[in-house]
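Structure, as structure tokens:
The values are calculated or read from the model by the stated rules, or taken from the named source; none is laboratory data. The shown structure was predicted, so the numbers you read here are calculated from the model rather than taken from an experiment. For neighbour counting, all protein chains shown are included, and Cβ atoms are generated from backbone atoms with ideal geometry for every residue, glycine included. Accessible surface is based on the protein model in full, side chains and every heavy atom, while ligands, DNA and RNA are left aside. Shrake-Rupley method; radii C 1.70, N 1.55, O 1.52, S 1.80 Å.
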Amino acid sequence: MPKHIISGLKYLAAVELRKDGHSQREIAKELEMDRSTVSHYLNGRNISWNSIEVAEAITNLCPRDFLTMTYVLVKDKDKTRTLVKICSNKKYECSVRNSCIGCGLCVDSCMMNAVVLDDLKADINPEWCCGCLICGEMCPTKSIKIKEVDDNGDNRNGGR
């Protein structure tokens, strides 16, 4: 069953990439699939609709659970990052207060590789942040703040 769910996630990712104007060749390369499988996915063949429904349910989980569940299924950090980045339609505003001590715990805990140390201060790339908040929970000084923003760039309720 996990392979079917992974196929569902890849299907959703392929559809998103196609919406963004990517060719079948580009989609196949990005998702590390052969082009014929991408063609079948985009034409609705050779995939269980139940797998797609389960994959959609996973993408609708809170960001932390979506990231964790995808990693458990895929068992590969790079592939997990790719699927989460493509399938997540949420955007985040990320900031790090001056109280950051540059310990690097946030860098080590970020599965999306969105956090780096720059001059002994954490810096978060919002393009890669999935909003899981793991980095903020690991921060001993509570210096990390992440908020979901809507399409207009306005903060939504929640965040950290």
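A few remarks follow.
- Scanning region 31-50 for residues that are crowded, with 17+ Cβ neighbours inside 10 Å, of a type outside the set (S, T, N, Q) and out of contact with any helix residue (DSSP H, G or I) (no Cβ under 6 Å at 6 or more places or on another chain) gives a single hit, MET33.
- Only a single item in (1) touching a helix residue (DSSP H, G or I) at 6+ places or on another chain (Cβ under 9 Å); (2) in contact (Cβ under 8 Å) with a residue 24 or more places away in the chain; (3) not small (Gly, Ala, Ser) is not met by ARG97, and it is number (1).
- Region 89-112, residues that are over 14 Å from CYS132 (Cα atoms) and of a type in the set (A, V, I, L, M): VAL96, ILE101, LEU105
- Test: ASN89 is within 21 Å of LYS19 (Cα to Cα), over 17 Å from the mean Cα position of the chain (by Cα) and either surrounded by fewer than 20 Cβ atoms within 10 Å (Cβ to Cβ) or of a type outside the set (Val, Ile, Thr) (or both): no
- Answer residue from region 100-112, given it is hydrophobic (A, V, I, L, M, F, W, C) and without any contact (Cβ under 8 Å) to a residue 40 or more places away in the chain and is surrounded by the most Cβ atoms within 10 Å (Cβ to Cβ) among those: CYS106
- Test: residue in region 60-70 that is at pLDDT 95 or above, open to solvent by less than 30 Å² (accessible area, probe 1.4 Å), over 17 Å from TRP128 (Cα atoms) and not polar (S, T, N, Q): no
- Selection from region 100-114 of residues that are within 11 Å of the chain's Cα centre (by Cα) and polar (S, T, N, Q): ASN113
- Residues within region 113-144 that are farther than 17 Å from ASP78 by Cα, crowded, with 17+ Cβ neighbours inside 10 Å and not polar (S, T, N, Q), tallied: 10
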